[in-house]
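What follows is a set of notes on a single structure, which appears directly below.
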Amino acid sequence: CSDPPLSGGSAVTRDPYLYLRKMANFTKKEIIQEVSDRLGVTQTLSSKMFHMVLEVVSRELANSNNVVVRDFGTFETKIAKGRPGRNPKDPNKTIPIPDRAVVKFLVGKALKEKVAKTLPELQQRGDS
């Protein structure tokens, strides 16, 4: 594979798929297309692989397991503590919000460094 790893290697490379991304969102369809192109496999196979990864990650999170992807980050399940909330229809009433299970994502060092380099582009786009 000619792509640099997330850690080490060249920090900036020409992105042949840049023409696909004029907006801030990169969709599932675009991910499947790029994986298909890069691996030289059909979009059907690429889609199956993509959905299988999501299925495995979802299953492990649903089983209260953390999912660690080195140099990318960690998906982990946590308890969001219950708290008092407000009823939007009657802001004077307090409604108890119970504890709930949530997924948190902790960004890995290599991804954090890679994303930090996008600050000028984000500022130019006006993202906050």
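Please give me the summed charge of the neighbours of Gln43: other residues whose Cβ is under 15 Å from its Cβ, Lys and Arg +1, Asp and Glu -1.
+1
Keeping every protein chain present and rolling a 1.4 Å probe, give me the accessible area per residue for region 17-128 in Å².
81
So how exposed is Glu121, as accessible area in Å² (1.4 Å probe, rounded to 10)?
Roll a 1.4 Å probe over it and Glu121 shows about 100 Å².
Averaged over every viewing direction, what's the projected area of the C-alpha convex hull for region 46-128? Give it in nm², one decimal, please.
Dividing the Cα hull surface by four gives the mean projection, 9.3 nm².
Sum up the charges of everything whose Cβ sits under 15 Å from the Cβ of Gly85, counting Lys and Arg as +1 and Asp and Glu as -1, but leave Gly85 out.
Surrounding charge for Gly85 is +4.
What list of ³J(HN,Hα) couplings, whole Hz, do you get for region 84-101 from phi and the Karplus terms 6.51, -1.76, 1.60, once you set θ to phi - 60° and write x for glycine and proline?
x, x, 10, 7, x, 7, 9, x, 7, 8, 9, 10, x, 9, x, 4, 8, 8
Share of region 48-107's accessible area from carbon and sulfur, percent, 1.4 Å?
That share works out to 59 percent.
Taking K and R as +1 and D and E as -1, what net charge do the other residues with C-beta under 13 Å from the C-beta of Phe72 add up to?
Result for the local shell: +2.
Using 0.36 nm times the number of residues separating Glu55 and Gln33, minus their current alpha carbon distance, what extension gain do you get?
6.0 nm
Of Lys78/Lys104; Lys81/Lys104; Lys28/Lys114, which sit over 18 Å apart, Cα to Cα?
Lys28/Lys114
Suppose the chain between Ala110 and Asn92 were pulled fully straight at 0.36 nm per residue; how much longer would it get relative to their current alpha carbon spacing?
This chain segment gains 1.8 nm when fully extended.
The values are calculated or read from the model by the stated rules, or taken from the named source; none is laboratory data. Quantities reported herein were computed from a predicted structural model and do not represent experimental measurements. Using ideal geometry, Cβ is built from the backbone for each residue, glycine included, and neighbour counts are taken over all protein chains shown. Side chains are part of the model used for accessible areas, which takes the heavy atoms of the whole protein and leaves out ligands, DNA and RNA. Shrake-Rupley method; radii C 1.70, N 1.55, O 1.52, S 1.80 Å.
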